[in-house]
Amino acid sequence: MIPRSLTAPAPGWTRTADTVVIGSGIAGLVAALRCQERGQDVLLVTKALLDAGSTRWAQGGIAAALDPADSPEEHLADTLTAGAGVCDEDAVRMLVTEGPAAVRRLVELGTAFDREPDGELSLGLEGGHHRRRVAHAGGDATGAEISRALRVALKEHRIEAIENALVLDLLKDADGRAAGVTLHVMGEGSPSGVGAVRARAVVLATGGLGQVFSATTNPEVATGDGVALALRAGAEVADLEFVQFHPTPLWLGEGARGQHPLISEAVRGEGAHLVDHDGVRFMVGRHELAELAPRDVVARGIVNRMRETGASHMLLDGRHFGAEMWERRFPTILAACRHHGIDPVTEPIPVAPAAHHSSGGVRTDLSGRTTVPGLYACGEVARTGVHGANRLASNSLLEGLVFAERIAAAISEDAPDPSTPLTPSASAPAHEDGRELRGEIQRIMSAHAGVMRTGEGLATAERELAALAGRVGAPGVAGWEAANLHAVASALVAAALRREETRGSHWRADHPERDDAHWRGRLVTRLTWDGTLHTEFER
């Protein structure tokens, strides 16, 4: 049973705005800026500080057909291949067609991408791409630079932001349309505690759900809050089984939990090799692109080699780069490795797959509209259809950018009179504290719903998550995050158990082949009126 709302005190304060944007990564910041440009009064809410989300951790870059020798059609082909047959082609075509101009608008906002000596953008190669089309900044600090430029623009445009605020539930009007959110501002500050923002449009840009697993590249704030809110509000979610496990996060040792430093795809794009402990390049012969195969292929290759050799991790060898290239091209990665006692200049980097990106999420149309009127979603929280079963490297920043701009246009078209009264949410019963529950959920998901899955393991996960249902829901940040993780984990497992095939980032060891005859489509999940999850297949 999934509660239809979180247990929380009645709002002690209220704000109003035309549009409230939840999240401060590339999707949220661009949505806020473009909505304001269209004359909307915008309030931006973010769970931690403005730069604490996943965007700042993006190393590789943003993909777009920016080279005259490249084309949107080639970018389309690479994206569809990575998506393993279940991308929405119209969404991908829109993304790759509108992407180059959207990236140039980022430049106009002040984003300083790396450039060649002649002044042209420096474009890198990453896994799954057949051309160099990935723009980067600071070598491997692309997300941090994009975030910096957008935050400067946010300040210049005087858009109000509330930091350290956890969104709780969607408010609706009498017709079932989104009319704002409840939220809790953590720590000191004004406003503080639980409050409400009344708005005629709500944009979810809350990021991913990586913290549902023990090991992830996602920051601590990535607890699936937006997907859980949308489920409770009655919105459809889709493709949650397609969680991409990045092949090459830094391995921190047996039993390490939480956020793991990412060793970007771009390191392999520049020529680093994956090897086992005997120095064998095990990806050669497994795929035509070897280490630069799509991420699901590389992650499976690593896990298979670990199983074959009994090793806990594999090695990424970039010693041939030399110190100058590591310091110039990958300074952030170099510093992270050295912080953990590894020097990539002189030794291979220990790596093992960890949860990285959710290709599924809240189901939207081509303009970011969800199935609840007035509720929009963009970035990793959304299932736009562009990623299919496996996101192509560096398409995530582009997706957030392009769909945020489209949402701003859609809100201008859709927004009703904001004076309609709100329908209050019901409260669920109180339960125990959520800190221990978070660890239990992560243990269950890592053991049974990680890189490799089986029907037996997923059924075990389903039972164990169901057994936790009565313990989830305590008021307070830890309890609310545990409730969100539980809801998202339950929906993810339900979809993964139903999809009896291997496709993209969904690897069923008991169904090792892709099955287009039965499973070329999407699994859509809804929360029913009685708090149970209903998942059905759509072609």
Unmet criterion (only one of (1) within 30 Å of ASP18 (Cβ to Cβ); (2) crowded, with 24+ Cβ neighbours inside 10 Å; (3) touching a strand residue (DSSP E or B) at 6+ places or on another chain (Cβ under 7 Å); (4) aliphatic (A, V, I, L, M)) for VAL372: (2)
Which numbered condition GLY279 fails, given (1) touching a Leu at 6+ places or on another chain (Cβ under 6 Å); (2) assigned to a loop (DSSP other than H, G, I, E, B): (1)
So VAL275 ticks every box in (1) touching a residue at least 40 places away in the same chain (Cβ under 8 Å); (2) within 19 Å of LEU392 (Cβ to Cβ) but one. Which box is left unticked? (2)
What's the total number of residues in the range 492-520 that are under 21 Å from the mean Cα position of the chain (by Cα) and either assigned by TED's automatic domain parsing to the domain that holds THR364 or outside any loop (DSSP other than H, G, I, E, B) (or both)? 8
List pairs: first residue in the range 77-90 and more than 12 Å from ASN395 (Cβ to Cβ), second residue polar (S, T, N, Q) and assigned to a loop (DSSP other than H, G, I, E, B) anywhere in the structure, Cβ distance under 6 angstrom, at least six positions apart or on different chains. ALA84/ASN390
Would you check which residues across the range 101-130 are surrounded by 19 or more Cβ atoms within 10 Å (Cβ to Cβ) and in a helix (DSSP H, G or I) and list them? ALA102, VAL103, LEU106
Which numbered condition ARG38 misses (of (1) touching a helix residue (DSSP H, G or I) at 6+ places or on another chain (Cβ under 9 Å); (2) modelled with pLDDT under 95): (2)
Of all residues in the range 7-32, which are surrounded by fewer than 24 Cβ atoms within 10 Å (Cβ to Cβ) and of a type outside the set (D, E, K, R)? THR7, ALA8, PRO9, ALA10, PRO11, GLY12, TRP13, THR14, THR16, ALA17
Going through the range 106-122 one residue at a time, which ones are hydrophobic (A, V, I, L, M, F, W, C) and out of contact with any strand residue (DSSP E or B) (no Cβ under 7 Å at 6 or more places or on another chain)? LEU106, VAL107, LEU109, ALA112
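Out of all the residues in the range 348-407, which are farther than 21 Å from VAL243 by Cβ and in a strand (DSSP E or B)? Spell out the reasoning first.
So the first thing to find is which residues in the range 348-407 are farther than 21 Å from VAL243 by Cβ, and the list is 348-350, 365-369, 371-376, 401-402, 404-407.
Result: ILE349, PRO350, ARG369, LEU375, TYR376.
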Select from the range 499-528 the residues that are under 22 Å from ALA466 (Cβ atoms) and in contact (Cβ under 8 Å) with a residue 40 or more places away in the chain and list them in ascending order. ARG499, GLU500, HIS506, ARG508, ASP510, LEU523, VAL524, THR525, ARG526, LEU527
Single residue of the range 168-226 satisfying the filter (of a type in the set (S, T, N, Q) and part of a loop (DSSP other than H, G, I, E, B)) that is modelled with the lowest pLDDT: SER190
Please state which one of GLY143, GLY119 is more than 30 Å from PRO9 (Cβ to Cβ) and either in contact (Cβ under 8 Å) with a residue 24 or more places away in the chain or within 23 Å of the chain's Cα centre (by Cα) (or both). GLY143
Only one of these conditions is not met by LEU229: (1) part of a loop (DSSP other than H, G, I, E, B); (2) more than 30 Å from ARG514 (Cα to Cα). Which number is it? (1)
In the range 312-350, which residues are of a type in the set (Lys, Arg) and without any contact (Cβ under 8 Å) to a residue 60 or more places away in the chain? ARG319, ARG338
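The values are calculated or read from the model by the stated rules, or taken from the named source; none is laboratory data. Note that the structure is a prediction, hence the values are computed from the model and not measured. Virtual Cβ from ideal backbone geometry, glycine too; neighbours counted across all protein chains shown.
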